[in-house]
Structure formats: C-alpha cells, structure tokens
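**Student:** Have a look at this one.
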Amino acid sequence: MGEGHDSGFRFSFNGSLRFEGRADRLTGDAGVLLLREIDERLGFTANLAPELEDTRDPDLITHPLTELLRSRLFAMAAGWRDQDHLDHLRDDGAMRMAVSNRRGDAPLRPVAEDCNIPDGLASQPTQSRLVEMLTLGENPGVLHRELLGQAVAQHRRRFAKEPEASVTIDIDSTAIDAHGSQVGVQWNGHYHRRCFHPLVAMLAETEDWLDVALRPGSCHTSLGTEEFLIGIVNCLKHELGRVDAVRGDAGYPSAPILSFLENEVEVPYVFRLPTNKRLDKMAAPFMKRPAGRPPREGRVWLHELSHRAGTWDKDRRLVLVVLEKPGELFLKKFFLVTSWSEQEKSAEDLLEFYRQRGTLEGQIGVLKDMLRPALSSTSRMKSHVRGKPPKRRRMAPRDDYACNEVNLLLFALAHNLANVGREVLASALKRPSSVRRFRKLLLRVPARLTLHSRRVVLVLRRAVTPLWRAFIRALDIHLPLAPPSAA
C-alpha cells in the first residue's frame, strides 16, 4: 500500500511544493466510525431494516438494506447531502468500515466480481431505487414511527438521569428551497420564494425531531396540523405516560386543536395568536408609553385579558405582550393564548416559557444550514443508458412527491442520530454543544487507515485523539454496551 503513485504537480508559487495521488487509504470523514458506534449501541438501523418491506429480488441483492440505510444516513449527517456524493465516497475507507455488516478487515479487502458481496458503497442509482422502495406500502409509516421512536428512546434515557424532566412539544413550519419542476414546489408569499412548506415537531428537552410532514409550498401554515399534532400527542401519552405542554407560533391555535388539548388529552398549551382587527381594538388602550424618558434597554408590559374568537366554544385566557424597543418610535405587540390559569403560570413565566421555543427555530436552522435537505426527486426523460440511447425515453412511473417526503424523513433521522452525538460531546466537553460543533470536531476529521494482516488501524492527528478518547468515555456512560448474554 502506498508504493505506486501518480506523478506530482509542482506549484508555481513554491517550487518545493507538489502534490501526488497515492494508493493510501485516506479519509476526510473519520468520524462516521463514531456514528456507527452510536448506531450499533442504539440498534437503530439493525432494528429499522427488518420493519421495512424490501421488494428487491433476493438473488440480485448486493447491498443489504442495513448498509444502504447506514451509507445514506451517515453521509447526510457528515454533510454529504446528495445521492451523487456517495459515488465520491464509494471507496472511502472510513465509510466502508462504518457501513459494512462484515467484521474484521473484510470491508477493505477486494472481493470477487461474481459474488454478491459489496465492494464499496452503493452507487447513486442504487440509492435512488432505495428511496423509491421506501415510498411503497407501509414503509413511509415505518419511517414516521421510527423517527418518533428515536425521540421517545432519547427522552427515556433522560428520564433515567433526570426524573423531573418535562415533555414539551414544539410545533412549527419552515421553507425548504427547491428548484425545477418538482411536484409541490410552489410560490410561498410569506417566504417570497418557490419552496416546499413542511410541518415539523420537536421534543424540546432533547432537541430531537418528533415528526416531519412534507407539504406544498403555497399551503397555509395550519394545513394538516390537527392530524399531525394529535398523532404525536397520543403517541407520547402512550409511550411516556405524559405530555406537559405544547408550544406553537401563530397559525396553529385552531378551535379543534385547542379543544383536543383541553378536553381529550388535558395537555396545557401556549400559542401565539395571529393579529386581527378585533385583537387590535382590544390592545389599543394599552399601546401607550408611561410619562417620562424611556430607558435605553427597552421595556416589556404584560396585560391579562379574556377573549372568545368566533370559532371558539368558550372564553380563553390571553396575555397581551407590549414591547418597547430602543430607537423605535412605535410600540410592538403580540398575543399569547393559553390553557394555564393565572395562578398556575403567571404572565411573566408564560412569556419566558414561550420564548424557549427559540430552540426549535435554532434546530430548524441546523436542519436547513447543516444538513441542507436536497429534495429534488422528479421524473425526467432519459437521454442515455450506459452510453447508449435508451429503448424507453421515460423512466418508470413513480410518486416523486412521496420520494421527496422520504428524503425529508431520512434527513430528520440523520439529524436525530447526529443529535445523540451532540449530547455525548456536550458531556465529554462538560459544556453545551451543537450538531454543528459535533460535525466540525468529530465527524469531518482527516485520518489514514492502515491495513495489517489481522487488523485495521485508524491513524489520527495527535491533537485529535484526546477528544476522541473523552467522547468514547462519555459514550460508555450515555449508551453503555449491553452485557454479553450467558451461554
């Protein structure tokens, strides 16, 4: 290994500097091996794959379903969002070791061409067929349940250490940019661009996604919220035995949702209300500054009100929040509606609790900025197949919208997997961390793999190894290995 190499290229600005291409097993993503360690201890892909319906011909299968799932999820978590990126990573030693079911050094050894053993990662067309297969039958429902199950399992682990931890559901929507002729990509007047407009829900205490639902770009904020939220609340009630609160922005407090939370499941809530003329009239008497020079830092006034909207079946408690911002001439305001009484939660505590939903907006930013969901499935005409004109000009019919929803679910699953690493890293560093920091410090780490007669050695920079050791120690605390079963 490393004996043969390409002739080097000399740089013009420094003649002593040149680069060579060698056969060394180098990687820029050594941290995917840590993702595999997390996955192995969670039993995530090992438990998910048997639940999915594999429609492939068993005699033609080269890549097991678990390996296909791992390669897609690990690549997403590491920042390789497109299926084409897997062709680039096909011979990456760390990815091959992390994805493979085979033990020892077998993932790095060459295999015979006539055997159904994977030699490297699956290609982009194979990954496309995986996504298409995941849209069939009960597979989408399995992915939704698994995403929710990940969050439940994380919260149970937190309960073991913090029995007082609450269960809070944050709900919101966002825009995911898309281009071309994808089904569902439409102009959204609020975001001022063509996009999808998915609905998302997060478990606030662990920052795990509970569920995601793809929606057309032009849909209203509240479209499908009732079924989406009701399913999540019922599941958490059944799995965890409790739901302590639901938080959401304006657009979600419809009469059916408020009645469901109050009467059927008895879960407290706080939502922001969209403004209208009637609410503006109620707020008018309070939109005045007191006499005197305003302070530099601004002020906040809270006012207790009661209101019954036209679609509501009863009066509900409102809290008017009036904001004075430095340098601005006019006061700003918004309304909160809640099922908590003033004795159960004061207006000050209610506002502080509502503002904590900023964590959800931060995680939406992580999903869009770090993972950057690529939703681009669309049926296109074929021009060439293996370098020759195709017999059929069009691809076989498929549900492109369902493929994009599956891709969004896979991105959410990859986020939750990386979020476990974030929590372990925070424990290792003994300070709060983020998915971005987890990727920067541990996932995108260069290394070299050396293949010996009986083992594979991962060679890291000396400055990196203390953090890896601390991470493994923290991993043993958070996700201890199961004791070996007695023979």
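The values are calculated or read from the model by the stated rules, or taken from the named source; none is laboratory data. None of the values given here were measured: they were computed from a predicted structure. Cβ sites come from the backbone with ideal geometry, for glycine too, and all protein chains shown count toward neighbours.
**Student:** So is residue 170 out of contact with any Cys (no Cβ under 8 Å at 6 or more places or on another chain) and of a type in the set (D, E, K, R) or not? Write out each step before concluding.
**Tutor:** Numbers: out of contact with any Cys (no Cβ under 8 Å at 6 or more places or on another chain): yes; of a type in the set (D, E, K, R): yes.
When the stated conditions are applied, residue 170 passes them.
**Student:** Determine which member of the set 328, 297, 324, 342 is in contact with a Gly (Cβ under 7 Å, 6 or more places away or on another chain) and of a type in the set (D, E, K, R). Talk me through it step by step, then tell me what you get.
**Tutor:** Details: 328 fails: in contact with a Gly (Cβ under 7 Å, 6 or more places away or on another chain); 297 fails: in contact with a Gly (Cβ under 7 Å, 6 or more places away or on another chain); 342 fails: in contact with a Gly (Cβ under 7 Å, 6 or more places away or on another chain).
When all the criteria are applied, what remains is 324.
**Student:** Please state which one of 447, 428 is at pLDDT 85 or above, touching a helix residue (DSSP H, G or I) at 6+ places or on another chain (Cβ under 6 Å) and crowded, with 19+ Cβ neighbours inside 10 Å. Step through it out loud before you land on a result.
**Tutor:** On the way: 447 fails: touching a helix residue (DSSP H, G or I) at 6+ places or on another chain (Cβ under 6 Å).
Checking each option against the conditions leaves just 428.
**Student:** Another question about this same structure. It is to be established whether one or more residues within the stretch 185-195 are touching a residue at least 40 places away in the same chain (Cβ under 8 Å) and either of a type in the set (Gly, Ala, Ser) or in contact with a helix residue (DSSP H, G or I) (Cβ under 8 Å, 6 or more places away or on another chain) (or both).
**Tutor:** Scanning the stretch 185-195, I find no residue that is touching a residue at least 40 places away in the same chain (Cβ under 8 Å) and either of a type in the set (Gly, Ala, Ser) or in contact with a helix residue (DSSP H, G or I) (Cβ under 8 Å, 6 or more places away or on another chain) (or both), so the answer is no.
**Student:** Condition (residue is among the acidic types (Asp, Glu) and loosely packed, with under 15 Cβ neighbours inside 10 Å) applied to the stretch 57-73: is it met by at least one residue?
**Tutor:** Checking the stretch 57-73: at least one residue is among the acidic types (Asp, Glu) and loosely packed, with under 15 Cβ neighbours inside 10 Å.
**Student:** Pick out the one residue from 388, 325 that is at pLDDT below 90, basic (Lys, Arg) and either within 19 Å of the chain's Cα centre (by Cα) or under 21 Å from residue 284 (Cα atoms) (or both). Explain how you work it out, then say what you get.
**Tutor:** Working: 388 fails: either within 19 Å of the chain's Cα centre (by Cα) or under 21 Å from residue 284 (Cα atoms) (or both).
Of the residues listed, the single one that is at pLDDT below 90, basic (Lys, Arg) and either within 19 Å of the chain's Cα centre (by Cα) or under 21 Å from residue 284 (Cα atoms) (or both) is 325.
A quick yes/no check of all residues on (1) in a strand (DSSP E or B); (2) among the β-branched types (Val, Ile, Thr); (3) closer than 23 Å to residue 372 by Cα; (4) at pLDDT 90 or above:
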| site | (1), (2), (3), (4) |
| --- | --- |
| 132 | no, no, yes, yes |
| 137 | no, no, no, yes |
| 157 | no, no, no, no |
| 169 | yes, yes, no, yes |
| 201 | yes, no, yes, yes |
| 229 | no, no, no, yes |
| 232 | no, yes, no, yes |
| 236 | no, no, no, yes |
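**Student:** Among the residues of the stretch 1-27, how many are in a loop (DSSP other than H, G, I, E, B) and either more than 28 Å from residue 457 (Cβ to Cβ) or at pLDDT 90 or above (or both)?
**Tutor:** Our first condition is that a residue be in a loop (DSSP other than H, G, I, E, B); within the stretch 1-27, this holds for 1-4, 6-8, 11-17, 20-21, 23-24.
Filter once more, keeping what is either more than 28 Å from residue 457 (Cβ to Cβ) or at pLDDT 90 or above (or both): 7, 11-17.
Result for the stretch 1-27: 8.
**Student:** At least 1 residues that are touching an Asp or Glu at 6+ places or on another chain (Cβ under 7 Å) in each: list the helices (runs of 4 or more DSSP H) lying fully within the stretch 59-114 that qualify.
**Tutor:** Numbers: elements: 65-78, 85-88, 93-99.
Those helices (runs of 4 or more DSSP H) span 65-78, 93-99.
**Student:** Would you call residue 212 in contact (Cβ under 8 Å) with a residue 12 or more places away in the chain, under 21 Å from residue 417 (Cα atoms) and touching a strand residue (DSSP E or B) at 6+ places or on another chain (Cβ under 7 Å)?
**Tutor:** Answer is yes for this residue.
**Student:** Go over the candidates 194, 289 one by one and state the one that is over 20 Å from the mean Cα position of the chain (by Cα) and in a loop (DSSP other than H, G, I, E, B). Don't jump to the end; show me each part of the working.
**Tutor:** Values: 194 fails: in a loop (DSSP other than H, G, I, E, B).
Answer to the check: 289.
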